[in-house]
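A.B. asks: Here's a structure for you.
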Amino acid sequence: MSVDHYENFPVASILMPRRLRPAVEAIYAFARSADDIADEGDATPEQRLAGLSAYEEALGRIERGAVGSNGPEPMFERLAAAIERHQLPLRPFYDLLSAFKQDVEVSRYADYATLLDYCARSANPVGRLMLHLYGAADEQNIRDSDAICSALQIINFLQDVAIDEHKERIYLPMEDLTRYALSPAHLSRPDNKAKWRAMMKFQVERARALMLQGAPLACRLKGRIGLELRMVVQGGLRILEAIEEVDYDVFLRRPKLEKRDWFKVFWRALRMRRTSL
């Protein structure tokens, strides 16, 4: 899942084995801080890109075994220790930085394929790293994990249309807005409600299908990781339901998981393996 989803789904929960928590926290610190460089504060685009390039240089030092020489420490020292201990690949970290750089430079996505390409670098790397931590990174698991993580990223975009609009970003494919005769400059206009509802219904159904495509992974994995992932899947599906419950008007109210929703998510996660989604 992307770093944004850590707000919806706890990363170092009681379900996670204690031995893995330092590594997950190191990955989260890297991703969260890099995302903040790309997205927070008053830095210029040039300063943001320079900050992310400094992170790439630090990854290079990890690769060369020279992480302690300079750079943003001690965060990278902890990350280097996690990478070494668990033999994590470095490519997912570089992919995350590539996506964060794209956030600085790109604010529109022409079509769904282009959006999925972004998700492949902004969301899927974290799922792949988790599979490596659990020793479960085979081809089938990676394929399903990618589907789950991309679905989570897209669900987050659907939640945050209003927030992203204030940042002058739109993560809805332009081809879909055109198909439903929606102007990117006037998404929240009252006279667009019927068209907006139809377009968002399409987005929700497509995101749900993508989530269900990857869901068998959560049923295959046993133990804590399986239950954790089933809760992630059910949490994402529950947010899609919440979007439907507000009649797709995410401008009026941002759908999110409340305390009562977590009981429903947990119960569905327990039942999910028996029903074999």
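A.B. asks: Does the range 78-96 include one or more residues that are buried (at least 18 other Cβ atoms within 10 Å of the Cβ), in contact (Cβ under 8 Å) with a residue 40 or more places away in the chain and under 15 Å from the mean Cα position of the chain (by Cα)?
C.D. replies: Yes, the conditions are met somewhere in the range 78-96.
A.B. asks: Still on this structure, please answer the following. Given the condition part of a helix (DSSP H, G or I) and touching a Lys or Arg at 6+ places or on another chain (Cβ under 7 Å), answer yes or no: does some residue in the range 189-210 qualify?
C.D. replies: Looking through the range 189-210, none of the residues is part of a helix (DSSP H, G or I) and touching a Lys or Arg at 6+ places or on another chain (Cβ under 7 Å).
A.B. asks: Further question: Restricting to the range 161-188, name every residue that is under 14 Å from Leu252 (Cβ atoms) and either among the aromatic types (Phe, Trp, Tyr) or not in a helix (DSSP H, G or I) (or both).
C.D. replies: Leu187, Ser188 - these are the residues of the range 161-188 that are under 14 Å from Leu252 (Cβ atoms) and either among the aromatic types (Phe, Trp, Tyr) or not in a helix (DSSP H, G or I) (or both).
A.B. asks: Another question about this same structure. Cβ-Cβ under 7 Å, sequence separation 6+ or interchain: first residue in the range 43-55 and surrounded by 12 or more Cβ atoms within 10 Å (Cβ to Cβ), partner small (Gly, Ala, Ser) and part of a helix (DSSP H, G or I). Which pairs?
C.D. replies: Once the first residue is surrounded by 12 or more Cβ atoms within 10 Å (Cβ to Cβ) and sits in the range 43-55, its partners that are small (Gly, Ala, Ser) and part of a helix (DSSP H, G or I) give Arg48/Ala38; Leu52/Ala34; Leu52/Ala38; Tyr55/Ala34.
A.B. asks: Looking for something over 18 Å from the mean Cα position of the chain (by Cα) and surrounded by fewer than 21 Cβ atoms within 10 Å (Cβ to Cβ) - is there at least one such residue anywhere in the range 110-125?
C.D. replies: Yes; the residues of the range 110-125 include at least one that is over 18 Å from the mean Cα position of the chain (by Cα) and surrounded by fewer than 21 Cβ atoms within 10 Å (Cβ to Cβ).
Since every read-out is calculated from the coordinates, none of them should be taken as a lab result. For clarity, every value in this text was computed on a predicted model and none was experimentally measured. In this analysis, Cβ positions are derived from the backbone assuming ideal geometry, glycine residues included, and neighbour counts consider all displayed protein chains.
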